[in-house]
1. From largest to smallest, what semi-axes in whole angstrom does region 401-606 give when each is the square root of 5 times an eigenvalue of its alpha carbon gyration tensor?
2. At a 10 angstrom cut-off on C-beta neighbours, averaged per residue, how do the peptides 207-213, 468-474, 596-602 rank from highest to lowest?
3. Quick one: P(r) of region 267-347 from all Cα-Cα pairs, 5 Å bins, percents rounded to integers, in order of increasing distance.
4. Suppose we keep just the DSSP beta bridges with both residues in region 401-606; what percent of those would be antiparallel, to 5?
5. Determine the gain in length on full extension of the stretch S152-K140; use 0.36 nm per residue of separation and subtract their C-alpha separation, reporting nm with one decimal.
6. Given a Förster distance of 41 Å, report the FRET efficiency between M603 and T393 from their Cβ-Cβ distance, rounded to the nearest 0.05.
7. Which percent, to the nearest 5, of DSSP beta bridges fully inside the chain are antiparallel?
8. How far apart, in nm, are the 7 Å Cα→Cβ label points at R566 and A18?
Amino acid sequence: MESLVPVKVGELSEMDLATLDEALEVPDLEAIQEITGLTVRDAIRLVTKQREAKTGYRVREVFCTRDARALAREVLSILAGYGVTPAGRRALAAMTPSLDRGEVDQRFRGLSEFLKLSQEKGEEQMGKVLESLVDAGLTKRGIAAPLLIIASSVEEEARLIKKFGRHVRVRVCSEAEVHDVLVKESHVLSTVSFKGLRGITVLNDMLDPAQACPGFVIDYYARRKPLFQSALAVTAHLPSFLEEADLNSAKEALGLLDGLQEQSLNLEESIREAEDRVNDGVKKLMTLGGGEDEFKDLVESVLLGLEDELSLEEDEAKLLRAAALDVRSLPFAFSSSRIRPLTARHEARMAQARYNKLRNTAEKLEKHRENVERTVRRLFELGTFLAMARFTTDYDLRVPKLNDGHGIGFAEGRNLFLARDQLKGTGRVEPVSYSIGQTDVQLFGAENRPIVMLTGANSGGKTTLLETLAIVQILSLLGLPVPAEKADVPLVPLYLFRRRTVRKVGSLEYAIKVLRPVMTKRQSKVLLMDEFEALTEPGALGRIVASILNDLPTGSLTLFVTHLAREILPHLRTAIRIDGIEAKGIDDQGNLVVDRQPVFNHMGTSTPHFIISRLLKRAKNKRLQKAYQDMIALLEAGSRQSA
C-alpha cells in the first residue's frame, strides 16, 4: 500500500513508515513522536497533513485566512470535548474540511445513519456502548531492545537497515568474529548459517518483521489490547458492530498476548535460593545430629528441585552438580567458577527460547493484522460518531443543504458559543435568520444580493451574526450539522476577517495586503469582513471599502459589517443590500434592548447615546455623570442637525 505520510520526516525504515501510517490514522501521538522525533506540536501538524492528503484539500485552501482557521479550531475544540478517549479527542480536533460534495455528503450520511441507529437502540443501550469505549485507549509503548543480526556483506547490512532501521542492530562478521560476538550476546540472528555454533537463529530470505524484531511487532498489538477488549464489549451491545472474522481475531489476539504474561526464571536468583535451602537444612541437621549421608541427601534433593525448576538439559545438570560437589566448606555455596559456564549456556538457551516464543507469537498475531487494523479503525470511527451524535443532540444541530456557491443562508440560526454558554446556564441565545445571495432559505424582504452591508446598533449583535455565518460555513465544510433549523450552504472557501481596530504604523497597509488573495483568486468564496473602522480616517476608509466592494470577483458572497455605510455608499458602483440592527433603548437594569434580527433593506443606526446612557446609570461619581451627560447632549444635537 502506498504511504500516506505527506512530508519527509527523516530517513525512515520501511517498517517505521508502515507503522507511522497506522499511527497517523488513529492518531497515536506517542508513536508518531517516537518514530519521527517530532515535537507534540509538529506531530499534530503531521496528523493534519495526513488528513489533508486523504481529502485532497489543504486547510489553508478551504479556510483561507488566519481568522477562519482560528475560528475553526475553536469550533472543533467544542466537538473534541465530546471525545471519549485522548486519541479520540485528538482525532476530532484534527478534522479537516473538504470542498468535494461526495466527501462532505458521505460524512453527513454516516452521521445520519448513526443517529438513526442510536434512536433505534435507545439511550440506555447507547449509554452502555459509550461506557465500553471509556477504556479504549493505547497503553504505553514497551520498546524491546533491538536484536543483533549478523550480515554476510555490507550490501546485506544496507538491506537490513533499510527494511528495519533502528529496530535491529546489524554487524558484518566473519566466522572467526562470530565467536567473539557470542561471548557478549546470549542469542543473535544471522542471514547466513554457522555450523556447530549455538545461540544463532538463521533468518529466511523473506526477512519478516516477526523474525527480525518480534518484540516490536508484539508491542504494536500489546498497545492495542484495551482496544480489543473494548471492541468485544461494544459488540455485546451492538452485535453488528464487528464481523465474525474481526471478532475472532480480536479474541485470538487477546489470548496470544495473555500467553506472554509468564515470568521467566532468573538462574542467579534460583541458585541463591537453592544455597539458602541447603544452609537452612544444614542448621536442622546440626540440631538433629545428622551426618554426611544426610547432608548428601539434602544437597541431592535441592539439586533435583533446581533441575526441574530451571528445566536444565543434561549437560547443564552436569555443570550444576559439578559446581555443588566442588564445595568443601560451610556455609554451602556453589562454585562460582563452575557456575559461570552453566549461566552462559542457560542464558543462551533461555534467550533462544524467549526469541522462539516471541517470534511464534508475533507470526500468529500478524495473521490477524488486517482484521485487527479494521477493528481499530471501526472502534475509533464509532467513538467519532458517538461524539458527533452527542454534539448534534446537545446543540440541536441540523444537516444543511449544500449548493455550488450561489448563496448562504439559515433560518433560526444560533451562535455556537452563545449556545454553549446557554447549555452551561450562563446566558441565553436569540435565534436569527439571515441570507446572502440566492438560497433555498427564503426570508421575507431579503433581496438576493451577493454583497451585503450590515449596519446598526453598537453591541447589537452584528459581529455575533457574522461569526454565526462563519460557524455555519465551517461546520458544513467539515461535514458536520449546523446550529439552525434550516440552512443552505455553499461548497466554497471561507475568507474571514475579524475586527481590526488596533492603531499602529502599517495597520492599514497590513489590512489591505491580507485582502490580496480575495481580489486575485477569482473562484467563488464566502467573504466575511468585520469593521476595519480604526485603520484610517472615516472618509478615506469609506472610499477604500467602496473600492474593495466594487472590485470583488464575481461569485464572492460578501458580508461587510460597518458603521461607515454613509461614507461608503456614495462611491459604490455595484448593487448591494444594506441591513440594519436597531436598538430600542435601555431597560431598568441598564441593559441595551436590541432586536437581534436584522431588518433587511434598512440602514441601521449606531446608538452610542444608548451605550453612554448605560454608563451614566452605573456611574457614582458626579463629575463622571456630568461628563456622560455632556456627551449625550452633543450626540443628540448632532442627530438633530443630520436630520
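Rule-based calculations on the coordinates, nothing more; no lab input. For clarity, every value in this text was computed on a predicted model and none was experimentally measured. Note that we place each Cβ from the backbone using ideal geometry, even for glycine, and neighbour counts take in every protein chain shown.
1. Numbers: eigenvalues 124, 99, 55 Å².
In descending order the semi-axes read 25, 22, 17 Å.
2. Values: 207-213: 20.4, 468-474: 26.3, 596-602: 17.7.
So the peptides 207-213, 468-474, 596-602, ranked by packing, come out 468-474, 207-213, 596-602.
3. Bin by bin from 0 Å, the calculated values are 3, 15, 29, 26, 14, 8, 3, 1.
4. Details: 12 of 34 bridges.
Rounded to the nearest five, the antiparallel share is 35 percent.
5. Working: separation 12, 0.36 × 12 = 4.32 nm, distance 3.60 nm.
Roughly 0.7 nm would be gained on extension.
6. Working: r = 40 Å, r/R0 = 0.98.
That pair, M603 with T393, gives E of 0.55.
7. Numbers: 13 of 46 bridges.
Antiparallel bridges: around 30 percent, rounded to the nearest 5.
8. 7.3
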